[in-house]
C-alpha cells in the first residue's frame, strides 16, 4: 500500500451550499446518518437545508425526518412526501420498514405535528423550495428513489412558479448528486442497484420511474452518480457513542445494530455499530466538492467525478453501464464518482464520523415568536433650569475643651413602654365658632360650679379629691338621718312608757336632792355639776346635728343643681 494522502477535512466553502435532500428514510439506517451529517454541515455554516422530501411510501419515514430536524433546531424546514401507490412502489408496504423508524417515531416523535397524511406532496415542496432560491444555486442530493424527482419534472405551473418542472430545474439547479447504480457496468456485479430498480423487481415500476426521470432531466444540468461500489468499503458510525443518549441519530444506529449486527462486517454482534456510507458520502460530496485546479475534475478527499462519457440505463432490468461517448449536452454534464488515490475510503469514513460526533450547538427555536413591538418613545423631559452651585458656609469653630475635660454624655433615656405611647392626633381641633355664654342657676352664684367638667379635666388628683368630698357628704347625710331616726325611736319609746303604770325611776336631780336631804352635801354638789354638764352636752350635740344636716343638704343641692356645658 502506498502512502495515504489526506486532504484537509473542513475545506469550508465561501458561501453556504443551498441543499435540497430527497431521501427514502425507511429502509437502511444510513439515511439517518446522511441527514444528521447535513445538519452538522449546516451548523458549520457550510450548507443551508432548503427542504427534505421523502420518496418512499412509509408514513413513519416523514416523522423520523421531522424528529431529526427538530433535534438539530430546524423544525421549520419544509418537508414533503410521495403519494402515488398505483404508479410506483405499491409493494414497498408489504416489505415493512426497518425497526429504527418506529423507534424514532415512538420515542422522539410526540411533538411532531405533521404525519404522512398531513404533509405536503413531495413535488410541491420541491417547487416551493426551488422557486424561492437564487438561479443556479441549488444542489439536490437524491439518496433514494426517483419518484419525487419524476413528479417534479412532470409538474406544470402553479402558485409557486409560472415555469413547469423542467424549466424550474434548469433555471434553479446547479447540480444533482444521485446515489444509485454501479459503475462502470452493474451487470458485472449481479442484480441491478436497489435505488434504480429494487431487488429483483420487488418494487414494481421503479426501473420505469428511474428511466423516465433520466429522460426528462434537462441535459444542461450536471449529474454526478455515486455508485454502490464506492461506499461499500467506507464505514462510519463508530463515534456515535460519543453523542448523548437523547440523540435520535445514536438511537437509530443502536436499534439497527441490535437487529442486523455490525453491518460493516455483517454477522458480528457487539462492539460499535457501523454501517456502509453510501448516503452520507453523497451528502458530503454534494456540499464540499470543488474543482481541482490541476485536473479540472470535481473532487473532494481523493474522490473525483469521471466526467467523460454518459450513462445508459436498460429496461426492463434496471441495469446501468457507462458509455465513453459524450452525452447530448456534451461532456461534463454526466459523471460517476471514483477514488483517484489510495486510502480515500478511510479518509471519507473519518470525515463523516468527525462531523457526526461534533458537539451540537444549542438548538434554535424552530418557530420563533414575532418580535415584540418597541415601546413608545418617552416624552422629552423639560430642560432643567441652571442652578447656581450651593455656597458653602464657613466652618463653625469647635470650642476647646476645658483642662479637666468634657463631662460624659448623659445616658440615653429608656425607650417608652408601649402602653405609654400615645398615638398622634388624627386632626388638629379648631374652633369653628365662639363658645356660647355660660349660664348659672340663681342659687349657684358665688358657689363653685361643675359646668363643663369631666373626669379628664380634673386629672388624677382632682378626681380623687372630688371622690373624697362626695364621700364625706354622703356620710354626713347618712349620719344625720341615722341620728334623727334614733331620736324618733326614743320619743316613740317614751310615749309608750307614759301609757303604763310601771314603777317610776327617780331622776338624777331627785337622787341629788335626796342626798342633800340625807346630809351628804359633797355628793349632792357633784351630782348637780354632772347634771349641768350633761344638759349642756346634749344641747351642743343637738346643735351639731342640726349644722351637719344643713351642710349635707347644701352640698347635695350643689351637686344636683342644673349645669350648663361649656
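The values are calculated or read from the model by the stated rules, or taken from the named source; none is laboratory data. Since the model is a prediction, treat every value here as computed from it, not as a measurement. Cβ placement follows ideal geometry from the backbone for every residue including glycine, while neighbour counts extend to all protein chains displayed.
Observations on the model:
- Residues that are assigned to a strand (DSSP E or B) and closer than 22 Å to residue 319 by Cβ within the stretch 138-150 comprise 142, 143, listed in sequence order.
- Some residue of the stretch 108-116 being in contact with a strand residue (DSSP E or B) (Cβ under 8 Å, 6 or more places away or on another chain), within 26 Å of residue 164 (Cα to Cα), surrounded by 15 or more Cβ atoms within 10 Å (Cβ to Cβ) and at pLDDT 85 or above: no
- Extreme residue, nearest to the chain's Cα centre (by Cα), among residues of the stretch 333-346 that are modelled with pLDDT under 85 and in a loop (DSSP other than H, G, I, E, B): 343
Each row is one residue, and each column tells you yes or no for (1) farther than 23 Å from residue 343 by Cβ; (2) modelled with pLDDT under 90; (3) over 57 Å from the mean Cα position of the chain (by Cα).
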site	(1), (2), (3)
292	no, yes, no
297	no, yes, no
300	no, no, no
311	yes, no, yes
314	yes, no, yes
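- Selection over the stretch 313-338 of residues that are surrounded by fewer than 17 Cβ atoms within 10 Å (Cβ to Cβ), touching a residue at least 40 places away in the same chain (Cβ under 8 Å) and farther than 27 Å from residue 290 by Cβ gives a count of 4.
- The one condition from (1) part of a loop (DSSP other than H, G, I, E, B); (2) buried (at least 17 other Cβ atoms within 10 Å of the Cβ) that residue 211 does not meet is (1).
- Among the numbered conditions (1) modelled with pLDDT of 90 or more; (2) assigned to a helix (DSSP H, G or I); (3) under 11 Å from residue 25 (Cβ atoms), the only one that residue 60 does not meet is (1).
- Taken together, the residues in the stretch 151-208 that are part of a loop (DSSP other than H, G, I, E, B), at pLDDT 90 or above and out of contact with any strand residue (DSSP E or B) (no Cβ under 9 Å at 6 or more places or on another chain) amount to 11.
- Of the residues making up the stretch 47-59, those that are surrounded by 21 or more Cβ atoms within 10 Å (Cβ to Cβ) and touching a residue at least 40 places away in the same chain (Cβ under 8 Å) are 47, 50, 51, 53, 54, 55, 56, 58.
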